[in-house]
Amino acid sequence: MDNDEVEIRFDGFRYGRWQRAEVRSSVDDLCATLRLEVTLPGTGDNLGITANSVIGVVIAGQPVTTVRLDRLSRRVGRDSHDISLDGRSLARELVDSQYSKTLSGLTLGEIAKRLCSDFKVPLQVLAKTSVVEEFAMQCESPATALINAARTANLLFYPRADGGLVLAEPTKAAPVASLVYGEHILDYEVIDEHSQRFSEYCVKSHDTDGGAAAMSRVKDADIRFYRPMHIVADKSGQSLGGCDRRAELERNRRRARAHRVELTVQGWRYPHDGGWRPWDINTQVRVTIPAENIDDVMLIGDRSFSLDDRGGHATRLTVMARDAFAGGK
């Protein structure tokens with residue numbers, strides 16, 4: 001079963017006396033995030049972590065992410081000091097960097113491998129990807145270009161335990177667990193976020209070389225007042241399905257994501273094949289909340305492990321219909 005240890009491992013050292021911790025991953029973000037805090041006696045030091053340290057994060061004895069340090073702060077008093085550490089997984093370099101690159105005639109998976117290789121970010125491609133006729137960035141964030149191309153292709157980029165990335169379809173696998181309010185779910189929040197939705201989605205594209213232009217428009221019939229969303233598609237998006245597909249996917253994703261459930265479960269893991277496995281994104285669970293008339297299979301989009309020296313350890317899951325990620329009708 002779970003223990004209450006969050007441990008970091010770096011440069012041959014280990015440290016696991018954290019009093020507060022949060023480790024979050026999402027299918028919407030390339031980077032997992034880490035926040036750790038502890039108060040210790042004495043004047044303290046920086047634990048030996050440097051800008052070049054690669055930090056493995058282990059929860060309940062199992063790896064969950066690998067990060068580099070974003071920020072480390074120390075507040076020192078007469079006889080104690082507080083240490084606070086913030087980090088993001090290795091794909092942060094794809095998010096923060098401004099980069100230029102042009103690639104032609106490669107699949108999205110091959111393009112992602114080239115970019116990830118440049119930044120030494122491990123990548124696992126689990127989906128068949130189409131050829132992108134032209135992929136070009138000029139002084140841009142590689143993450144933005146990759147995410148836009150993946151969404152147009154109806155795929156997900158998300159972080160994995162070694163700090164790298166996965167390029168995959170939204171899972172169709174059977175639920176890994178059943179969560180029932182009053183048995184497994186400690187608390188829940190049902191969110192209807194109407195600001196996510198628009199009355200119509202208009203996707204425009206242009207080809208500066210050929211002078212051609214294209215546009216597609218789809219409506220959300222449930223939004224009966226004028227609230228448009230206009231999107232300019234890049235060239236890679238055109239080759240991965242065109243304006244029609246992009247507009248439909250945008251509408252369907254936003255319609256599904258506007259209704260979601262956030263729920264808290266005790267511990268960090270679920271039983272699996274005679275052992276225990278940490279909760280993970282892009283897996284499905286059956287959620288049953290009778291008071292809300294919810295009894296359905298949903299996909300985990302966000303997962304946050306937390307540790308508090310007063311409140312114990314728990315996992316916060318954000319679950320939605322699979323269409324929120326797959327863009328189905």
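Among the residues that make up region 191-210, is at least one of them among the aromatic types (Phe, Trp, Tyr) and closer than 19 Å to Arg322 by Cα?
No, every residue in region 191-210 fails to be among the aromatic types (Phe, Trp, Tyr) and closer than 19 Å to Arg322 by Cα.
When you scan region 95-108, do you find a residue that is under 19 Å from the mean Cα position of the chain (by Cα) and part of a loop (DSSP other than H, G, I, E, B), even just one?
yes
Residue by residue through region 69-94, note down the ones that are within 21 Å of the chain's Cα centre (by Cα), among the small types (Gly, Ala, Ser) and in a strand (DSSP E or B).
Answer for region 69-94, where residues must be within 21 Å of the chain's Cα centre (by Cα), among the small types (Gly, Ala, Ser) and in a strand (DSSP E or B): Gly87, Ser89.
Among the residues of region 111-160, write down those that are of a type outside the set (A, V, I, L, M), part of a strand (DSSP E or B) and over 20 Å from Val54 (Cβ atoms). Give the steps one after another, and end with the answer.
Our first condition is that a residue be of a type outside the set (A, V, I, L, M); within region 111-160, this holds for 113-114, 116-120, 122, 124, 128-130, 133-135, 138-142, 144, 148, 151-152, 154, 157-160.
Keeping just the survivors that are part of a strand (DSSP E or B) gives 124, 133-135, 138-140, 157-159.
Once the filter is applied, which keeps residues that are of a type outside the set (A, V, I, L, M), part of a strand (DSSP E or B) and over 20 Å from Val54 (Cβ atoms), region 111-160 yields Glu133, Glu134, Phe135, Gln138, Cys139, Glu140, Phe157.
Return the pairs, sorted by first residue and then second, in which the second residue is in a loop (DSSP other than H, G, I, E, B), the first residue lies in region 120-137 and is within 13 Å of Val166 (Cα to Cα), the beta carbons are less than 6 Å apart, and the residues are 6+ apart or on different chains.
Note: pairs meeting the criteria are Val121/Leu90; Val121/Ala91; Val121/Gly164; Pro122/Asp162; Pro122/Gly164; Leu123/Gly164; Ala127/Leu155; Ala127/Glu169.
Determine which member of the set Ala112, Ala213 is among the hydrophobic types (A, V, I, L, M, F, W, C) and modelled with pLDDT under 90.
The match here is Ala213.
Say we look at region 3-52 and pick out the residues that are at pLDDT 90 or above and small (Gly, Ala, Ser); which of these is farthest from the chain's Cα centre (by Cα)?
Among residues in region 3-52 that are at pLDDT 90 or above and small (Gly, Ala, Ser), the one farthest from the chain's Cα centre (by Cα) is Gly12.
Which one of these is touching a helix residue (DSSP H, G or I) at 6+ places or on another chain (Cβ under 7 Å), surrounded by fewer than 17 Cβ atoms within 10 Å (Cβ to Cβ) and outside the structural domain of Gly301 (by TED's automatic domain parsing): Ser84, Ser73, Ser97?
Ser97
What number of residues in region 110-129 are surrounded by fewer than 16 Cβ atoms within 10 Å (Cβ to Cβ) and of a type in the set (Ser, Thr, Tyr)?
Residues meeting the conditions: 1.
The values are calculated or read from the model by the stated rules, or taken from the named source; none is laboratory data. As the structure is a computational prediction, the values presented were derived from the model and not from experiment. FYI the Cβ positions are ideal-geometry reconstructions off the backbone, even for glycines, and counts take in every protein chain you see.
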